[in-house]
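Enquirer: Quick one: this structure, given as structure tokens, is what I'll be asking you about.
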Amino acid sequence: MLVQPITCYRPTPQAAPDFAALPYDVFNREEAAAYVASHPQSFLTIDRPETAFGPDQDMYAPEVYEKAGELIRSKAYDGTLTKDQTPCFYLYRLTEGDKCQTGVVAACSVAEYENGTIARHEKTRPSKTNDRARHIRATGAQTGPVFLAYRDNPVVDVIVDAARTADPLYDFTDEFGVRQTVWRIARPIAVESLEAAFAMVPGAYIADGHHRASAAAQVCHELREESGTNEDLPSDSFLAVLFPASQLTVMAYNRVVADTNGLDEDSLLKAISQAGFEVGEPADHPVTPTDARSFGLYAFGKWRQITYVGEAPSAQVDPAGALDVSILQEHLLGPVLGIDDPRTSKRITFVGGIEGTEGLERRAGTTGIAFTLFPTTVDQLMGVSDAGMLMPPKSTWFEPKLRSGLFIRRI
């Protein structure tokens with residue numbers, strides 16, 4: 001695959017700890033406003049520019065995107081950002097406890113995203129794609145990297161390991177205890193070697209950032225049409241961080257349904273049993289599944305384990321249908337609880353496994369239902385993508401999250 005070095009703006013080492021921010025889409029509007037209020041130097045002020053306005057402001061109005069452009073230019077002028085003039089790769093390592101993952105920051109091809117060399121596994125919503133495309137146009141930059149996974153390659157590993165012996169550009173621990181370390185690969189022979197190594201990698205998979213990739217493709221075509229040229233443009237590629245699959249940690253993406261669809265406790269448990277699940281006795285502790293096809297159920301103030309024992313497709317025949325998230329949707333959420341389309345239903349909430357069972361209990365309250373799931377694996381994600389299929393919404397939650405604002409690629 002085509003993986004190229006980049007030139008980018010980035011925060012100075014002194015500014016980086018305060019400037020780098022979690023991705024725009026992990027916050028709702030109220031959470032984003034609260035975070036910006038307590039972190040006024042954060043990149044989130046640029047990533048979520050509606051935070052500069054009142055709560056009644058239309059967050060998709062032209063002046064909101066204009067504000068993002070104004071703010072990013074101000075950071076270049078006031079010395080927060082510096083620019084590396086020479087195309088280079090960066091290494092981005094995140095360390096959380098005993099988990100460590102090191103990715104290569106680079107430009108990846110929009111054409112390879114569109115032809116499937118860079119595989120996707122989720123549908124994108126036009127409204128979310130348009131939002132990020134307008135943000136790119138207003139700032140003139142790609143600011144949030146697309147999180148890519150690739151099957152481990154020993155040649156890439158050797159180059160990455162050698163580059164990590166140098167002094168890092170950044171090395172700080174964020175407010176969540178995740179250590180963020182960045183190195184620069186600028187020597188021409190090292191840059192060429194890494195490009196050549198990735199040319200031997202057959203493809204990559206979007207782990208997170210489907211809407212960022214979709215927005216980059218949209219802007220690519222817009223600028224291509226506006227330019228009227230066949231020459232290469234910076235917008236022909238997008239900002240990405242590529243990680244070897246073996247280093248990634250996937251957490252469960254749990255579900256909370258706001259109500260029981262009119263069922264009392266006995267009726268609910270009977271319906272779940274008739275849907276093909278073995279229903280366990282009430283547990284004296286929260287249930288976190290340790291095996292596939294087992295789920296934790298919290299309803300009416302009690303936790304139980306439920307296990308699907310009915311028929312389901314094999315991963316070889318239908319890798320998407322064999323996922324636990326698919327089994328739960330097809331056999332319980334839909335037919336029992338009436339969540340026919342989880343993408344549009346306002347009765348269902350998706351909760352990343354990092355929140356823990358206390359958060360699920362709080363969200364479910366006395367009238368709702370919470371489900372804990374066994375995490376989807378990276379191998380399952382790649383299997384679904386290789387088959388040209390799509391996963392159900394909110395199937396994977398990757399931790400730790402990449403920070404936005406550390407690499408700003410002007411296009």
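Enquirer: Given a cut-off of under 8 Å on Cα pairs at least six residues apart, what relative contact order in percent is computed for the stretch 15-129?
Expert: 14 percent
Enquirer: Follow-up. Pairs Lys75/Lys128; Lys346/Lys401; Lys99/Lys128; Lys270/Lys302: which exceed 22 Å Cα-Cα?
Expert: Lys75/Lys128; Lys346/Lys401; Lys99/Lys128
Enquirer: In addition: Who wins for biggest fluctuation among Asp84, Asp157, Asp232 in a Gaussian network model of the chain, springs between alpha carbons below 10 Å?
Expert: Highest fluctuation among the options: Asp232.
Enquirer: While we're on this one: Show me, for the stretch 10-15, the HN-Hα J-couplings you get by feeding each phi into the Karplus relation (A = 6.51, B = -1.76, C = 1.60, θ = phi - 60°), rounded to Hz, glycine and proline as x.
Expert: 8, x, 5, x, 5, 8
Enquirer: Write out the chymotrypsin sites (Phe, Trp or Tyr not before Pro) in the stretch 44-78 meeting two conditions: DSSP loop, and at most 16 other Cβ atoms within 10 Å of their Cβ.
Expert: Of the chymotrypsin sites (Phe, Trp or Tyr not before Pro), the ones in loops of the stretch 44-78 whose Cβ has at most 16 other Cβ atoms within 10 Å are Phe53, Tyr60.
Enquirer: Near Ser109, within a Cβ-to-Cβ distance under 12 Å, what is the net charge of the other residues, with Lys and Arg +1 and Asp and Glu -1?
Expert: Computed value for this residue: -4.
Enquirer: Follow-up. Spelling out what I want: for every residue of the stretch 327-338, take phi, set θ = phi - 60°, compute 6.51 cos²θ - 1.76 cosθ + 1.60 (Karplus), and round to whole Hz; glycine and proline get x.
Expert: Karplus values, whole Hz, x for Gly and Pro: 4, 4, 5, 6, 10, 9, 4, x, x, 8, 9, x.
Enquirer: So, R0 is 35 Å and r is the distance between the beta-carbons of Ser267 and Asp341; what FRET efficiency does that work out to, to 0.05?
Expert: The formula returns an efficiency of 0.90 here.
Enquirer: Any idea what angle helix 29-38 forms with the longest principal axis of the chain, computed on alpha-carbon atoms, 0 to 90 degrees, nearest 10?
Expert: 50 degrees
Enquirer: Same structure, new question: For Ser246 and Glu114, what does the FRET efficiency come to when R0 = 30 Å and r is the distance between their Cβ atoms, rounded to the nearest 0.05?
Expert: Efficiency, from the Cβ-Cβ distance: 0.65.
Enquirer: Expressed as a rounded percentage, what relative contact order does the stretch 253-374 have, with Cα pairs under 8 Å and six or more residues apart?
Expert: For the stretch 253-374, the relative contact order is 43 percent.
Enquirer: Separate question: Using the basic label-point model (7 angstrom from Cα toward the beta carbon), what is the Met389 to Asn130 distance in nanometres?
Expert: According to this spin-label approximation, the distance is 3.2 nm.
Enquirer: I've got another one for you. Quick one: angle between helix 265-274 and the longest Cα principal axis of the chain, in degrees between 0 and 90, rounded to 10, please.
Expert: Its long axis makes an angle of about 80 degrees.
Enquirer: Please state the relative contact order of the chain as a whole percent: Cα pairs under 8 Å, 6+ residues apart?
Expert: Relative contact order for the chain comes out at 24 percent.
Enquirer: Take the chain, connect every pair of alpha-carbon atoms lying under 10 Å apart with a spring to form a Gaussian network, then pick out the residue of Asn254, Asn230, Asn153 with the largest mean-square fluctuation.
Expert: In this elastic network of the chain, the residue with the biggest mean-square fluctuation among Asn254, Asn230, Asn153 is Asn230.
Enquirer: Then there's this: Order these peptides, 372-378, 189-195, by their mean beta-carbon neighbour count within 10 angstrom, highest first.
Expert: In descending order of packing, they fall as 372-378, 189-195.
Enquirer: Residue by residue through the stretch 236-249, what is 3J(HN,Hα) from phi via Karplus (6.51 cos²θ - 1.76 cosθ + 1.60, θ = phi - 60°)? Round to whole Hz and write x for glycine and proline.
Expert: 6, 9, 9, 6, 8, 10, 10, 10, x, 4, 5, 8, 8, 10
Enquirer: Counting Lys +1, Arg +1, Asp -1, Glu -1, what net charge surrounds Lys128 among other residues with beta carbon under 13 Å of its beta carbon?
Expert: Cβ neighbours under 13 Å give a net charge of +3.
Enquirer: On a 0 to 90 degree scale, rounded to 10, what angle separates helix 188-199 from the longest Cα axis of the chain?
Expert: Computed tilt is about 40 degrees.
Enquirer: Going by a ≥ b ≥ c, the root eigenvalues of the Cα gyration tensor, does the stretch 253-374 fall in the rounded group (a/c under 1.5), the prolate group (a/b larger than b/c) or the oblate group?
Expert: rounded
Since every read-out is calculated from the coordinates, none of them should be taken as a lab result. All values reported here derive from a predicted model rather than from experimental measurement. Please note: Cβ atoms are built from the backbone with ideal geometry, for glycine as well, and neighbour counts cover all protein chains shown.
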